[in-house]
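The values are calculated or read from the model by the stated rules, or taken from the named source; none is laboratory data. Just so you know, these numbers come straight off a predicted model, no measurement behind them. Using ideal geometry, Cβ is built from the backbone for each residue, glycine included, and neighbour counts are taken over all protein chains shown. Calculation scope for accessible area: heavy atoms of the full protein, side chains included, ligands and nucleic acids excluded. Shrake-Rupley method; radii C 1.70, N 1.55, O 1.52, S 1.80 Å.
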Amino acid sequence: MPIRTASARWQGNLTEGAGTLRTGQGGYQGNYSFASRFEEGQGTNPEELVGAAHAACFSMALSKALADAGTPGTSVETTAKVHLDKTDAGMTVTRIDLETVGQVPGVDEATFVELAEAAKKNCPISRLLSPGADISLTARLAS
């Protein structure tokens, strides 16, 4: 398997500095700052990037689980809400709430939720994050 890379550059001090980041294949490049991370400033932040990675990984894992069960989905759309909280250890990602909606012909809601729970448990990014963060899942079929 290939090794994936990303890079970031920060200039200045923590509160007034700014940075840029990019994925290794050039698929994404963006700006980040103290304001975009801890306030409501323009740009991205590490937690959004973790959320994007988790949502993408989970959606792919669920798509595979659906296909393996004989009910391939038309689409799986997932949002990850990453909670960054101040703890005794410092700023910490404490929780990630995954919310997924699937368009899956021929599957009932209970089966979809069961497959989604298995995908949450087995997606590589969930396995990476779950020792340190609680991961919740809300899964439903599109209406």
Determine which member of the set GLU47, GLU77, GLU99, GLU117 is modelled with pLDDT of 95 or more, more than 11 Å from the chain's Cα centre (by Cα) and within 30 Å of ALA35 (Cα to Cα). GLU77
GLN103: passes all of (1) free of Cβ contacts under 8 Å to residues at least 40 places away in the same chain; (2) surrounded by fewer than 17 Cβ atoms within 10 Å (Cβ to Cβ); (3) closer than 30 Å to LEU14 by Cβ but (3)
Please enumerate the residues belonging to the stretch 120-132 that are more than 13 Å from SER59 (Cα to Cα) and at pLDDT 95 or above. ARG127, LEU128, LEU129
Which residue is farthest from VAL50 (Cα to Cα), if the candidates are limited to the stretch 125-143 and must be among the β-branched types (Val, Ile, Thr) and surrounded by 17 or more Cβ atoms within 10 Å (Cβ to Cβ)? ILE135
Can you find a residue in the stretch 32-45 that is more than 29 Å from THR138 (Cβ to Cβ) and hydrophobic (A, V, I, L, M, F, W, C)? yes
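Touching a residue at least 40 places away in the same chain (Cβ under 8 Å), surrounded by 20 or more Cβ atoms within 10 Å (Cβ to Cβ) and not in a helix (DSSP H, G or I): does that describe LEU98?
yes
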Note on the stretch 106-124: residues of a type in the set (A, V, I, L, M, F, W, C), assigned to a helix (DSSP H, G or I) and crowded, with 20+ Cβ neighbours inside 10 Å are PHE112, LEU115, ALA116, ALA119
Residue list for the stretch 13-60, filter: in a helix (DSSP H, G or I), among the acidic types (Asp, Glu) and open to solvent by 50 Å² or more (accessible area, probe 1.4 Å): GLU48
Only one of LYS120, LYS81, LYS64 is in contact (Cβ under 8 Å) with a residue 60 or more places away in the chain and among the charged types (D, E, K, R). Can you tell me which? LYS120
